[in-house]
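Novice: Input: one structure, supplied below.
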Amino acid sequence: MNVYHAEAPGVRRRPFVRVAYLPGGESGWSPSSLPDRCPLLIDATSVACSVHVDHVRKRKTGTCLSLVVMRCRRHGCAFTLYPCGFAPYARVPIAPVDPRGTPVIARVEGDRIEEPLAAWRGTPFEAALDAARGTAWPRSEGRTKGATRWWRTQGRWIGLAALLVGLVALASDPVAVAAQLNVPALTMRDASQAYAAARGYRARGAVIVHVLSLLKPSRRTAERLFASGAHAGRWGAPLSWDPIAHRLRPCAFRASGVPP
Ligand SMILES: [Zn+2]
């Protein structure tokens, strides 16, 4: 299952916890710090948690990480620790960051970067990058042996990308998403109109790529996209474990007009 192309009712709307995974451990990556509280510990007046590592779940995320699952005896819940950049069930990160949250740098060919937004390859936005170039992902395996990207996936990822960057009505007010993503409101308004008028995957991809060019590949951008996706109902509230402040920090969607 993949949250980017399949619904997981009931599960996807739960709050989910992310921590930085660092190189090391059996699977090659392990959490840098373990929370001592669960997502159900609402505030300081709540009864303290009793949290422990329940098991390690082997699954194929983009980097084939094994994910740590924790359980709180006090509040009777289990929760998975997702690496930076990953939503539940996602096989690729939402933005070009590694499991630590470090921005992934685009590969450089000679003195030049292969393509301006190459860092976004390996995220759901890759579908729009290809679409904007007129590259349609194959419709069947018979045509392109060994392909891992398919036409239906491309369509779904384009839809998701449009949702996350505020180009479709479901994402609520595009201006509010613009504030969230730190993109000029006028630009976003024009882009959402262009997206509504776009006919075909190539035109839609071009509009998404235009907005994408305004986003900096960073952990902060990933956080903002998580908040945007949660606001649009795509997944539950994103929480990140802050080992310094010692709390699960919400990544709240900011209303229009409020500086991000
Ligand atoms: Zn708890």
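No lab work stands behind these numbers, since they all come straight from the coordinates. Since we're looking at a predicted model, the values are computed, not measured. Neighbour counts are summed over all protein chains in view; Cβ atoms, including those assigned to glycine, are modelled from backbone coordinates with ideal geometry.
Novice: Return the long-range amide H neighbours of residue 97 (sequence gap of 5 or more, or a different chain), with a cut-off of under 5 Å between placed amide H atoms.
Specialist: Under 5 Å from the amide H of residue 97 lie the amide H atoms of 104, each far enough along the sequence or on another chain.
Novice: Amide H to amide H under 5 Å from residue 150: which residues, 5+ apart in sequence or cross-chain, H placed 1.01 Å off N in plane?
Specialist: Distant-sequence amide H within range of residue 150: zero hits.
Novice: How far apart, in nm, are two points set 7 Å out from the Cα along the Cα-to-Cβ line at residue 102 and at residue 151?
Specialist: The two pseudo-label positions are separated by 4.1 nm.
Novice: Related question: How charged is the neighbourhood of residue 191? Take every other residue with its Cβ under 14 Å from the Cβ of residue 191, and add Lys/Arg as +1 and Asp/Glu as -1.
Specialist: So the surrounding residues net to 0.
Novice: For residue 50, which sequence-distant residues (separation of 5 or more, or a different chain) have an amide H within less than 5 Å of its own amide H, given hydrogens modelled in the peptide plane?
Specialist: Close amide H contacts, sequence-distant or interchain: 73, 74, 75.
Novice: Here is a further query. Work out from phi, with θ = phi - 60° and the Karplus expression 6.51 cos²θ - 1.76 cosθ + 1.60, the ³J(HN,Hα) of each residue of the stretch 226-234, listed in order in whole Hz, and give x for Gly and Pro.
Specialist: Each residue of the stretch 226-234 in turn: 4, 5, 5, x, 5, 4, 7, x, 6 Hz.
Novice: Starting at the first residue of the stretch 67-78, write each ³J(HN,Hα) from the Karplus equation 6.51 cos²θ - 1.76 cosθ + 1.60 with θ = phi - 60°, in whole Hz, x for Gly and Pro.
Specialist: Here the 3J(HN,Hα) series is 9, 7, 10, 10, 10, 10, 5, 5, 9, x, 9, 10 Hz.
Novice: Given Cβ point charges of +1 (Lys, Arg) and -1 (Asp, Glu) and nothing else, what value in debye, to the nearest 20, does the dipole of the stretch 117-244 about its Cα centre take? Walk me through the numbers on the way to the answer.
Specialist: Numbers: 17 positive and 7 negative charges, 105 e Å.
Dipole of the stretch 117-244, to the nearest 20 debye: 500 debye.
Novice: Which ³J(HN,Hα) values in Hz, rounded to whole numbers, follow from the phi angles of the stretch 14-26 under the Karplus curve 6.51 cos²θ - 1.76 cosθ + 1.60, where θ = phi - 60° and Gly and Pro get x?
Specialist: Listing the rounded values in order: 5, x, 10, 10, 10, 9, 6, 9, 10, x, x, x, 4 Hz.
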